[in-house]
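Student: Structure below; questions to follow.
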Amino acid sequence: MRESDRCEFSEFSFGYTLVDNAIHSGVWGGASGSPRFLSPSEEGGPGGGFDVELPFRALPLFLQFKIPQMMRYRSSRMPAGFSKPYFRMHLRARRVNASGKTQHEQMLDLENKYPLCVFYVTPRFATSEELDRHYLARRVADESEWFAPSAIGDLDRDDHCVAYHPDAPDYEVQSQPSRRSEGRYRFESVTHRLASLVKQAAL
């Protein structure tokens, strides 16, 4: 009996549907161009670390998509107060690019340059039927969790994952030691934060 299940859809399918929904949401004045998806070599190169840049008219948005495990059974690593099933998003902390940085380190660097514009995005659903339903309703972005790299914090080069539950107010960065934290977002709160940033810049 397996402790966990992978999502039924690929990272590419999730990323495409989310980008399409986000672009057509009309936020921040709409898009000023086409999404820029990075090739594997670009993603691992200097200035990379993300999957796609969305060129909205007001601000760019940089996203790294993650497909989680859906944890179906109780275990010693299940965060206190969580019910099952819940999700674990794994982070690449051991793979180092040509410039000697991990993906998470690159994401932190990018967030320092573009505050509030850089996120890991991961679904809070697991089936192809749910993906189809959310895509047709243009709600894939709304039915996902958004994590700013700084909310996860600095990581050493060991294995790490972020445990989250759709109904829990916080999440757990599962490292050594693990720590509970708040600061994940939904698409609505991301748009509100960026709208405030755009308004401040215009003053």
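Student: Could you tell me, in Å, what Rg and Dmax come out for the Cα atoms of the stretch 1-57?
Tutor: For the stretch 1-57, the Cα-based Rg and Dmax read 14.7, 49 Å.
Student: Considering the alpha-carbon set of the stretch 42-96 alone, what are its Rg and its Dmax in angstrom?
Tutor: Cα radius of gyration and Dmax of the stretch 42-96 are 16.3, 46 Å respectively.
Student: Taking only protein heavy atoms and a 1.4 Å probe, what accessible area per residue, in Å², does the stretch 1-60 have with all protein chains in place?
Tutor: Values: 3150 Å² over 60 residues.
Averaged over the residues of the stretch 1-60, the accessible area is 52 Å².
Student: While we're here: What is the sum of charges, Lys and Arg at +1 and Asp and Glu at -1, for the other residues whose Cβ falls under 14 Å from the Cβ of Leu136?
Tutor: Working: positive: Arg133, Arg138, Arg139; negative: Asp20, Glu129, Glu130, Asp132, Asp142, Glu143.
Net charge around Leu136: -3.
Student: Sticking with this structure for a sec: Using the membrane-span-like helix rule (whole DSSP H runs, Cα extent along the own axis of at least 15 Å, mean Kyte-Doolittle hydropathy at least -0.5), which helices of the chain qualify? Walk me through the intermediate numbers first.
Tutor: Numbers: long enough: 11-23 (18 Å, 0.48); 103-113 (16 Å, -1.69); 187-202 (22 Å, 0.21).
Helix filter hits for the chain: 11-23, 187-202.
Student: Ok, one more. Averaging over every viewing direction, what projected area does the convex hull of the Cα atoms of the stretch 1-107 cover, in nm²? Working shown, then result.
Tutor: Working: hull surface 36.0 nm².
Seen from a random direction, the Cα hull of the stretch 1-107 projects 9.0 nm² on average.
Student: Could you bin all the Cα-Cα distances of the stretch 117-158 into 10 Å bins starting at 0 and give me the percent of pairs in each, rounded to whole numbers?
Tutor: Histogram of Cα-Cα distances, whole percents per bin: 26, 40, 23, 11.
Student: Can you bin the stretch 123-203 into rounded, prolate or oblate? Criterion: square roots of the alpha carbon gyration tensor eigenvalues sorted a ≥ b ≥ c, rounded for a/c under 1.5, prolate for a/b above b/c, oblate for the rest.
Tutor: On the way: a/c = 2.48, a/b = 1.12, b/c = 2.22.
Oblate, since a/c reaches 1.5 and b/c is not below a/b.
Student: In Å and on Cα atoms, what radius of gyration and Dmax does the chain show?
Tutor: 16.6, 58
Student: Picking from Pro79, Pro60, Pro169, which is most flexible by a Gaussian network model of the chain using Cα springs under 10 Å?
Tutor: For the chain, modelled as a Gaussian network with Cα springs under 10 Å, the answer is Pro169.
Student: State in Å² the accessible area per residue of the stretch 78-166; use a 1.4 Å probe, count heavy atoms of protein chains only, and round to the nearest integer. The partial results should precede the final answer.
Tutor: Values: 3930 Å² over 89 residues.
Result: 44 Å² of accessible area for each residue.
Student: Restricting to the chain, compute how many DSSP beta bridges are antiparallel as a %, nearest 5.
Tutor: On the way: 31 of 35 bridges.
Antiparallel: roughly 90 percent of the beta bridges in the chain.
Student: Can I ask one more? Summarise the accessible area of the stretch 44-203 (1.4 Å probe, protein heavy atoms) by the percent that is carbon and sulfur. Before the final figure, lay out each step's value.
Tutor: Numbers: 3760 of 7660 Å².
Ligands and nucleic acids excluded, carbon and sulfur reach 49 percent.
Student: Something else about it: Based only on Cα atoms, what Rg/Rh ratio does the stretch 80-140 have, Rh being taken as Kirkwood's radius?
Tutor: Values: Rg = 16.0 Å, Rh = 14.6 Å.
Ratio of gyration radius to Kirkwood radius for the stretch 80-140: 1.09.
Student: Oh, and also: Taking 8 Å as the Cα distance limit and 6 or more residues as the minimum spacing, I'd like the relative contact order of the stretch 1-150 as a percentage.
Tutor: Working: 244 pairs, mean separation 41.3, N = 150.
With pairs under 8 Å counted, the relative contact order is 28 percent.
The values are calculated or read from the model by the stated rules, or taken from the named source; none is laboratory data. These figures come from a predicted structure and were not determined experimentally. Because the Cβ atoms are built from the backbone with ideal geometry, glycine has one as well, and the counts that use them run over all protein chains shown. The protein model used for the area step is the full one, side chains on, heavy atoms only, and it has no ligands, DNA or RNA in it. Shrake-Rupley method; radii C 1.70, N 1.55, O 1.52, S 1.80 Å.
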